[in-house]
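One structure is given here, and the rest of the page talks about it.
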């Protein structure tokens, strides 16, 4: 990923555009074929020479054109003929974003594969579902990961769509009016480079395309933060249900030898903020003065490379984290049991309603029993309910014990995984 955003890579993309433009001029019988042949012989650019020239004239693309023309004297004055700087810069940027986006999509796909494997591995691993950070009802760890898989799939689609939207170029000149070369030259160049045409280009490709792209990366980063945040919560000592890998030679603290901290999960959460911040900056770049100013240009040199580098890095870290995640199924079950059966309250409520009780009466009976359990560490919900004649008239002790069994696997798991398997098949 880093190699795609070097000066060398950027100037190589510029070279591809300049060569395609001259080829198009030849095809339109504007320039001589010998000029295109001479330019095609240039396969690399002396980046240091461009930097030195830029130091003199204070214009990077013009410096590049000077160095390129000197490297291809046979092309004479046909290098950069009829073009403005943004014709080359924006069209070349689209090529870079295509390649960078392809790497992000590979990273998402790799993570989805690992998440899917771990989801199936823990399809029946019962654990607490929590709302407001508090025990709610039982779920399975596999069902939790299935949700991650689906969300990553949506991220894949968003990134794919936004990459296609950003893969647009233009060669319509200084204010988009084709004063240098005509639309037919632009069409030939973009076809040769496998890019779309921006039909609303001014001097630049419209920046809503880039904002949408960074927005999709920001949402992807938020998904990875969701994964990291979940691991951080599950790794807390009082929860202890899952933990990121800890190497034998690793140290968690310079002062406290016992420490094992979720540092990778914390990196996911922290760096996701940077990607989101960059998306906000990209939104600011949409509104430019008239047909163009350069307030977006310097910004994009930072936020585009940084966002793709961070997305690539975070995907690799998240894949490592999920792949090696240490899952303590026994602790998960123990935490369910520690609720003393209260997480079965809705199942009891529904069983009582099914047995003929008025819903509010059933609710109050279960709530009163749960309240007594909360204040008595030796109590459990089934036993407390067994002391209520209203309840026992509807449900016997064996039925109550079965409903409050901490190993109960929610029936919705089958439906969740049937849908997951169907989605995997479509994918």
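Assuming R0 = 35 Å, what is the FRET efficiency of residue 415 and residue 253, from their Cβ-Cβ distance, to the nearest 0.05? Given R0 = 35 Å and the Cβ-Cβ separation, E is 0.20.
A simple spin-label model places pseudo-atoms 7 Å from Cα toward Cβ; at residue 57 and residue 331 they are separated by 6.4 nm.
Share of pairwise Cα-Cα distances greater than 18 Å in region 2-81 is 39 percent (whole percent). Region 75-92 and region 192-254 have Cα centres lying 35 Å from one another. If R0 is 45 Å, the Cβ-Cβ spacing of residue 260 and residue 388 corresponds to a FRET efficiency of close to 0.50.
Based on the inverse mean of 1/r over its pairs of different Cα atoms, what is the Kirkwood hydrodynamic radius of the chain, in Å? Evaluated on the chain, it is 25.8 Å. Across 277, 153, 386, mean-square fluctuation computed from a Gaussian network of the chain (C-alpha pairs under 10 Å connected) peaks at 386. In terms of packing, defined here as the mean over residues of other Cβ atoms within 10 angstrom, the peptides 250-263, 314-327, 296-309 line up highest first as 314-327, 296-309, 250-263.
Take the Cα of residue 309, step 7 Å toward its Cβ, do the same at residue 106, and the gap between the two points is 1.9 nm. With R₀ fixed at 25 Å, the C-beta to C-beta distance from residue 237 to residue 113 puts the FRET efficiency at about 0.20.
Please list, by residue number, everything in region 25-69 whose backbone N is under 12 Å from a paramagnetic label point 7 Å out along Cα→Cβ of residue 8. Only 44-48 pass the distance filter. Straightening the chain between residue 76 and residue 175 buys 33.1 nm, computed as 0.36 nm per residue apart minus the Cα-Cα spacing. What number, rounded to the nearest 500 deg cm²/dmol, is the helix-based mean residue ellipticity at 222 nm of the chain, given -39500 (n - 2.57) per DSSP H run of at least four residues and division by all its residues? Helix contribution divided over all residues of the chain: -21000 deg cm²/dmol.
Once the chain from residue 399 to residue 338 is taken as fully extended at 0.36 nm per residue, the excess over their C-alpha distance is 19.9 nm.
With respect to the chain, whose longest principal axis is taken over its alpha-carbon atoms, helix 208-235 is tilted by about 30°. Taking Cα atoms, how many degrees apart are the long axis of helix 183-193 and the longest axis of the chain, rounded to 10 and kept between 0 and 90? It works out to around 60 degrees. Label-to-label distance, residue 200 versus residue 346, with points set 7 angstrom from Cα along the beta-carbon direction: 4.4 nm. Between 0 and 90 degrees, the angle of helix 359-374 with respect to the longest Cα principal axis of the chain falls at about 90 degrees.
All of the numbers you see were taken from the coordinates with simple rules; none came from a lab. Keep in mind the model is a prediction, meaning the values are calculated, not measured. For neighbour counting, all protein chains shown are included, and Cβ atoms are generated from backbone atoms with ideal geometry for every residue, glycine included.
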